[in-house]
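So the structure is just underneath, and the comments pick up after that.
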Amino acid sequence: MNADILRNKFLSFFKAKKHRVVDSDSLVPKNDPTVLFTPAGMNQFKKQFLGSLSGFNRAATSQRCLRTADLEKVGKTSGHHTFFEMLGNFSFGDYFKQEAISWAWEFLTKELKIPAQKLWVSVYHEDEEAYAIWKDKIKIPVERIVKLGDSENFWPAEAKLKGPNGPCGPCSEIFYDYGAQAGCGKPDCTPACNCNRFIEIWNLVFTQYNRKDKGVLEPLPNKNIDTGMGLERLTAVIQGAQNNFETDLFKPLIDEIGTMYKGQVTSEEKKLIYAVADHTRAIVFSIYDGVMPSNEGRGYVIRKIIRRSILHLRSLGITKPFLNRLVPVLAETMSQPYPELAKRREDIAQVILAEENNFISMLDSSAAILKDKFGELAKKPDPQNAGSIAFQLYDTYGLPFEITRDWADKHNIKISEDAFEKKMFEQKERSKNKSTMKGDVFNVKGLHLGIKATKFLGYEKSESPAKILAIFKDGKELKKAARNEVVNIILDKTTLYGESGGQIGDKGSILKGKNRAEITDSKKSDKNIVHTAIVKKGAFKKGDLIKVVTDRISRLAIERNHTATHLLQSALRSILGAHVKQQGSFVGIDRLRFDFTHFKALTAGELERVEELVNARVLADTRLCVKKTKLKAAKKQGALAFFAEKYEDEVRVVDIPNISKELCAGTHLKSTGQIGLFKVVQESAIASGIRRIEAVTGEYALALAAKQNKILNEASRLLGIPAERLSQEIEKRLEKIRSLEKKLDEQKTSIVKETIDSLIDEPFIVNGIKLITKSIDNADMSFLRNAVDAIKKNNTGSIIALAGKSPGKVILVIGVTNDLAVRGKDASGLIKQIGPIIGGSGGGRADFAQAGGSNPEKIDEAFKKLKEILGA
């Protein structure tokens with residue numbers, strides 16, 4: 001039985017038990033600051049666990065998850081993973097222990113036909129109710145029921161004693177017994193033993209308490225069920241494998257890696273292959289969910305996993321980019337649950353390939369990086385500082401400590417491994433703090449539980465009567481808001497859009513007779529729209545019947561930008577290709593921003609075509625068609641969905657006939673002609689494989705066009721030619737400038753030769769080194785660099801220091817001939833010592849360095865200091 005069948009069997013089983021089968025949430029949790037990545041199936045149901053109504057009180061999922069706490073163990077054990085799928089069934093105040101336990105047993109023993117005698121269970125040592133169900137209802141022999149404590153069988157672990165506050169409760173785990181031959185062999189071996197005989201396959205959490213300060217456990221009025229079963233472990237059990245990596249979920253990846261590896265695989269090499277297979281899943285699905293490799297947050301975690309995989313592959317002798325080749329293999333393996341992955345595999349592979357090329361290039365040039373970073377320590381040993389530098393290289397470049405240590409040994413530089421490990425420990429603690437829950441288990445701030453949902457009327461109306469349901473200030477509810485107070489107001493209905501989906505919130509006003517409050521912002525919070533308002537006149541209180549009015553001018557500007565964003569995505573897909581996918585957006589009053597997948601900068605011609613196509617569709621004045629439909633039906637019709645958005649079963653489709661069709665809850669124009677004009681402001685890169693276009697519409701586009709026209713007219717006036725001939729005239733003049741610059745360079749070369757001759761004739765000898773120093777008025781960097789290179793070309797044993805002076809400014813360069821550089825003379829170190837004298841700083845390589853300063857009058861003092869440093 002393969003993993004796809006197992007996944008489907010689980011979901012079908014609980015669907016028959018009247019559970020809503022809910023699609024997996026993204027690996028990027030939405031509106032959940034407590035974790036970097038989705039670590040468990042329950043995360044997407046936090047609001048339901050807190051009592052928020054969602055139309056169902058039973059759910060089942062196969063949730064993709066990512067955890068990095070045990071990264072070092074991946075591949076070395078049979079069951080640790082970064083990416084995994086968690087099968088789970090959930091009850092929100094509906095069924096409890098009896099059903100959860102009975103159904104788990106039924107699924108395993110009846111549906112999957114796992115022999116009952118192969119299953120053991122654990123219960124929390126104080127949970128007599130669960131113990132009795134297993135013993136009396138399920139009829140498991142008592143010798144196969146193990147009572148365990150707070151760290152093993154309470155969720156969160158040790159929450160009673162250590163927190164965090166919030167919903168918690170005992171849990172019961174189901175273990176598969178691989179047999180006495182698989183473990184320690186002791187006759188009293190149980191699931192409490194860590195010998196690998198018993199593998200936990202299912203955890204049933206009974207959320208029945210609310211933990212309060214000082215460890216007080218208060219019974220919850222509505223008790224919940226939260227279960228989790230790793231698909232990888234279950235697959236191993238069903239397929240008779242004692243290692244998750246020997247299942248059909250991993251074998252295709254492992255086989256593909258094997259095609260590149262020649263020779264007999266050792267046990268240590270097998271662990272590396274397993275780790276790469278695991279990491280590939282984490283990398284691919286993270287990028288699939290919009291996490292691009294970067295130097296911060298989630299992107300940093302993924303970049304770190306990519307680099308770790310590359311290093312594993314190098315240890316296996318695979319030194320060329322290879323990870324990207326595993327993407328189509330994984331796409332095929334996961335095609336049943338994730339058919340969309342196959343459509344995006346080329347885009348994902350390109351992102352990974354770019355990362356591979358960059359890191360492999362860095363590894364190949366690591367000697368130069370190490371020489372630059374450790375240059376000073378060759379002369380002034382400092383093992384502690386060297387350990388810190390080694391960590392910086394690991395943290396910033398991903399350079400392994402082993403490579404750094406080997407290079408340092410060859411250059412007689414001592415590195416404190418303790419100092420490196422200390423920095424590593426501190427970094428892991430920081431990472432752990434970022435990836436674990438912060439504060440209470442469920443962050444309830446901003447949920448406004450118990451307040452009736454706000455009805456949004458803004459698609460059809462710009463004003464409406466409404467009632468004030470609540471007034472908040474600094475997180476506390478008020479009965480009344482007086483003049484000049486800034487408060488948050490929740491209404492029973494509103495015409496103002498609450499910020500979400502990249503669209504900013506509306507402005508407007510709340511009116512009641514002569515009382516007036518100005519709404520400066522509107523944000524969506526769960527099922528409420530929260531208005532930030534300042535009371536301008538009179539006062540407002542909870543229960544007031546008021547009129548809410550949308551600022552139509554700002555709303556119209558926002559709608560222009562939002563509808564234009566849809567036209568922009570369509571134009572990009574038409575011109576660049578269907579690989580273009582939205583990665584983020586901002587829809588404001590004065591501008592729009594659209595982030596999308598593409599692997600190189602757009603050419604001027606492509607940008608021009610995009611702008612022309614959008615404006616052509618603006619001029620066509622096509623009417624928008626907006627309707628509500630079921631999510632599956634919308635996707636079947638080809639409506640585009642934003643990867644980071646979590647959609648309800650019923651969705652809103654914004655259709656611009658024959659142009660664009662997207663799932664979108666934002667506000668839009670009636671027709672494209674209302675945009676008026678669309679102008680691209682700029683295009684740029686924001687991450688590997690992600691581009692950004694910023695643009696303006698309507699009056700802001702007209703203002704930009706007027707500004708550009710003014711600049712054009714001014715240039716035309718200054719050059720004394722018609723605007724239509726500007727480009728030809730500028731090209732003509734640039735060619736003339738290039739010709740003059742060439743002649744100037746020839747003159748400079750001649751002067752350099754003359755200068756060199758005089759400099760070489762006047763060296764200052766110090767400790768056998770020829771020191772050449774000279775200050776040259778108005779010499780630029782190009783002149784100084786050429787002079788240094790020319791002197792070094794025909795000389796050895798020389799250090800050259802040249803300066804270019806002009807009023808209030810000085811440029812200083814130092815060159816060291818190669819024979820001195822290999823003996824430890826370092827231009828970068830020298831310039832760092834004398835640069836401050838000229839009022840500046842600098843750096844560079846061992847053979848050449850430069851600095852800029854603001855004290856040209858002190859250049860002679862700097863030269864004198866250089867002589868002293870060299871021993872004069």
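The values are calculated or read from the model by the stated rules, or taken from the named source; none is laboratory data. Just so it is clear, the model here is predicted, and its values are computed rather than measured. For neighbour counting, all protein chains shown are included, and Cβ atoms are generated from backbone atoms with ideal geometry for every residue, glycine included. Keep in mind that these areas ignore ligands, DNA and RNA; they rest on the heavy atoms of the full protein, side chains included. Shrake-Rupley method; radii C 1.70, N 1.55, O 1.52, S 1.80 Å.
Do we find that K825 is part of a loop (DSSP other than H, G, I, E, B), open to solvent by 10 Å² or more (accessible area, probe 1.4 Å) and either at negative phi or basic (K, R) (or both) in this structure? Even if it seems obvious, please write down each step before you answer.
Values: part of a loop (DSSP other than H, G, I, E, B): yes; open to solvent by 10 Å² or more (accessible area, probe 1.4 Å): yes; either at negative phi or basic (K, R) (or both): yes.
So K825 fits the description; yes.
Only residues in the stretch 8-27 that are under 16 Å from F90 (Cβ atoms) and open to solvent by less than 20 Å² (accessible area, probe 1.4 Å) count as the first member; pair them with residues that are of a type in the set (A, V, I, L, M) and modelled with pLDDT of 95 or more, Cβ under 6 angstrom, at least 6 apart or cross-chain, and list the lot.
Going by the 6 Å Cβ cut-off, the qualifying pairs are F10/L87; F14/A60; H19/A59; H19/A60.
Grab the helices (runs of 4 or more DSSP H) fully contained in the stretch 322-432, keeping just those with 1 or more residues being open to solvent by 20 Å² or more (accessible area, probe 1.4 Å) and closer than 20 Å to D278 by Cα.
Details: elements: 327-333, 339-364, 366-379, 383-397, 401-410.
Filter on the stretch 322-432 gives 327-333, 339-364.
Going by the conditions given, is S671 among the polar types (S, T, N, Q) and surrounded by fewer than 16 Cβ atoms within 10 Å (Cβ to Cβ)? Give the steps one after another, and end with the answer.
Working: among the polar types (S, T, N, Q): yes; surrounded by fewer than 16 Cβ atoms within 10 Å (Cβ to Cβ): yes.
Yes.
L812 versus (1) of a type outside the set (S, T, Y); (2) closer than 25 Å to L377 by Cα; (3) open to solvent by less than 10 Å² (accessible area, probe 1.4 Å); (4) assigned to a helix (DSSP H, G or I): which is the lone unmet condition?
Among (1) of a type outside the set (S, T, Y); (2) closer than 25 Å to L377 by Cα; (3) open to solvent by less than 10 Å² (accessible area, probe 1.4 Å); (4) assigned to a helix (DSSP H, G or I), the lone unmet condition for L812 is (4).
Of T597, T622, which residue is surrounded by 12 or more Cβ atoms within 10 Å (Cβ to Cβ), in contact with a His (Cβ under 8 Å, 6 or more places away or on another chain) and of a type in the set (S, T, Y)? Walk me through how you get there before you give the answer.
On the way: T622 fails: in contact with a His (Cβ under 8 Å, 6 or more places away or on another chain).
It is T597.
Could you tell me whether K271 is part of a loop (DSSP other than H, G, I, E, B) and among the basic types (K, R)?
For K271, the condition - part of a loop (DSSP other than H, G, I, E, B) and among the basic types (K, R) - is not met.
Can you name every residue in the stretch 521-539 that is without any contact (Cβ under 8 Å) to a residue 60 or more places away in the chain, under 17 Å from G502 (Cβ atoms) and open to solvent by less than 30 Å² (accessible area, probe 1.4 Å)?
The one that is without any contact (Cβ under 8 Å) to a residue 60 or more places away in the chain, under 17 Å from G502 (Cβ atoms) and open to solvent by less than 30 Å² (accessible area, probe 1.4 Å): S522.
Taking the stretch 471-507, which residues are part of a strand (DSSP E or B) and either touching a Pro at 6+ places or on another chain (Cβ under 9 Å) or among the small types (G, A, S) (or both)?
Residues satisfying the conditions are A481, K493, S500.
Has the stretch 560-570 got any residue that is under 20 Å from R344 (Cα atoms) and either crowded, with 18+ Cβ neighbours inside 10 Å or modelled with pLDDT of 95 or more (or both)?
yes
Kindly evaluate F175 against the criterion of being within 33 Å of the chain's Cα centre (by Cα) and either in contact (Cβ under 8 Å) with a residue 60 or more places away in the chain or open to solvent by less than 50 Å² (accessible area, probe 1.4 Å) (or both). Lay out the reasoning, then the answer.
On the way: within 33 Å of the chain's Cα centre (by Cα): no; either in contact (Cβ under 8 Å) with a residue 60 or more places away in the chain or open to solvent by less than 50 Å² (accessible area, probe 1.4 Å) (or both): yes.
Here the answer is no, as F175 does not meet what is asked.
Here's a check for you: in the stretch 749-786, which residue that is within 26 Å of P807 (Cβ to Cβ) and in contact with a Ser or Thr (Cβ under 8 Å, 6 or more places away or on another chain) is modelled with the highest pLDDT?
I772
If you take the residues in the stretch 627-642 that are surrounded by 13 or more Cβ atoms within 10 Å (Cβ to Cβ) and not in a helix (DSSP H, G or I), which one is modelled with the highest pLDDT? Walk me through it before giving the result.
Initial filter on the stretch 627-642 (surrounded by 13 or more Cβ atoms within 10 Å (Cβ to Cβ)): 629, 631, 634-635, 639-642.
This time we only want the ones that are not in a helix (DSSP H, G or I), so: 629, 639-642.
Working: T629: 94, A639: 88, L640: 87, A641: 82, F642: 75.
Across the stretch 627-642, the extreme among qualifying residues is T629.
How about the stretch 680-729: which of its residues are among the polar types (S, T, N, Q), in a helix (DSSP H, G or I) and open to solvent by 50 Å² or more (accessible area, probe 1.4 Å)?
Of all residues in the stretch 680-729, those among the polar types (S, T, N, Q) come to 682, 684, 688, 697, 708-709, 713, 716, 727-728.
Right, trim to in a helix (DSSP H, G or I) and you get 708-709, 713, 716, 727-728.
Selection gives Q708, N709, N713, S727, Q728.
With respect to the numbered conditions (1) open to solvent by 50 Å² or more (accessible area, probe 1.4 Å); (2) not in a helix (DSSP H, G or I), which one is the sole condition not fulfilled by R573?
(2)
Out of the residues in the stretch 587-606 that are of a type in the set (G, A, S) and in a loop (DSSP other than H, G, I, E, B), state the one that is nearest to the chain's Cα centre (by Cα). Let's see the steps before the verdict.
So in the stretch 587-606, the residues of a type in the set (G, A, S) come out as 588, 601, 604-605.
From what is left, the residues that are in a loop (DSSP other than H, G, I, E, B) are 588, 601.
Numbers: G588: 23, A601: 21 Å.
Only one residue fits best here, namely A601.
Looking at the stretch 508-520 only, could you name the residues that are surrounded by fewer than 20 Cβ atoms within 10 Å (Cβ to Cβ), part of a strand (DSSP E or B) and either hydrophobic (A, V, I, L, M, F, W, C) or without any contact (Cβ under 8 Å) to a residue 40 or more places away in the chain (or both)? Show your work before the answer.
Of all residues in the stretch 508-520, those surrounded by fewer than 20 Cβ atoms within 10 Å (Cβ to Cβ) come to 509, 511-516, 518, 520.
Cutting the leftovers down to part of a strand (DSSP E or B) gives us 509, 511-512, 515-516, 518, 520.
Listed by number, the residues that qualify are L511, K512, N515, R516, E518, T520.
Given (1) over 21 Å from A100 (Cα atoms); (2) out of contact with any Gly (no Cβ under 8 Å at 6 or more places or on another chain), where does K160 come up short, assuming only one miss?
Every listed condition holds for K160 apart from (2).
This table checks each residue for (1) assigned to a strand (DSSP E or B); (2) open to solvent by less than 60 Å² (accessible area, probe 1.4 Å); (3) under 30 Å from P221 (Cβ atoms).
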site	(1), (2), (3)
H81	no, yes, no
G88	yes, yes, yes
I101	no, yes, yes
I114	no, yes, no
W134	no, yes, yes
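In the stretch 278-297, how many are assigned to a helix (DSSP H, G or I), of a type in the set (G, A, S) and either without any contact (Cβ under 8 Å) to a residue 40 or more places away in the chain or touching a strand residue (DSSP E or B) at 6+ places or on another chain (Cβ under 7 Å) (or both)? Talk me through it step by step, then tell me what you get.
Quick first cut of the stretch 278-297, residues assigned to a helix (DSSP H, G or I) only: 278-288, 297.
Applying the additional criterion that residues be of a type in the set (G, A, S) yields 282, 286, 297.
Next cut, either without any contact (Cβ under 8 Å) to a residue 40 or more places away in the chain or touching a strand residue (DSSP E or B) at 6+ places or on another chain (Cβ under 7 Å) (or both) only: 282, 286.
Of the residues in the stretch 278-297, 2 are assigned to a helix (DSSP H, G or I), of a type in the set (G, A, S) and either without any contact (Cβ under 8 Å) to a residue 40 or more places away in the chain or touching a strand residue (DSSP E or B) at 6+ places or on another chain (Cβ under 7 Å) (or both).
How many residues does the stretch 774-809 contain that are of a type in the set (S, T, N, Q) and open to solvent by less than 10 Å² (accessible area, probe 1.4 Å)?
1
Sort through I318, I283, I310 and tell me the only one that's at pLDDT 95 or above and either open to solvent by 30 Å² or more (accessible area, probe 1.4 Å) or within 22 Å of L363 (Cβ to Cβ) (or both).
Working: I318 fails: at pLDDT 95 or above; I310 fails: at pLDDT 95 or above.
Just a single option satisfies the conditions, and that option is I283.
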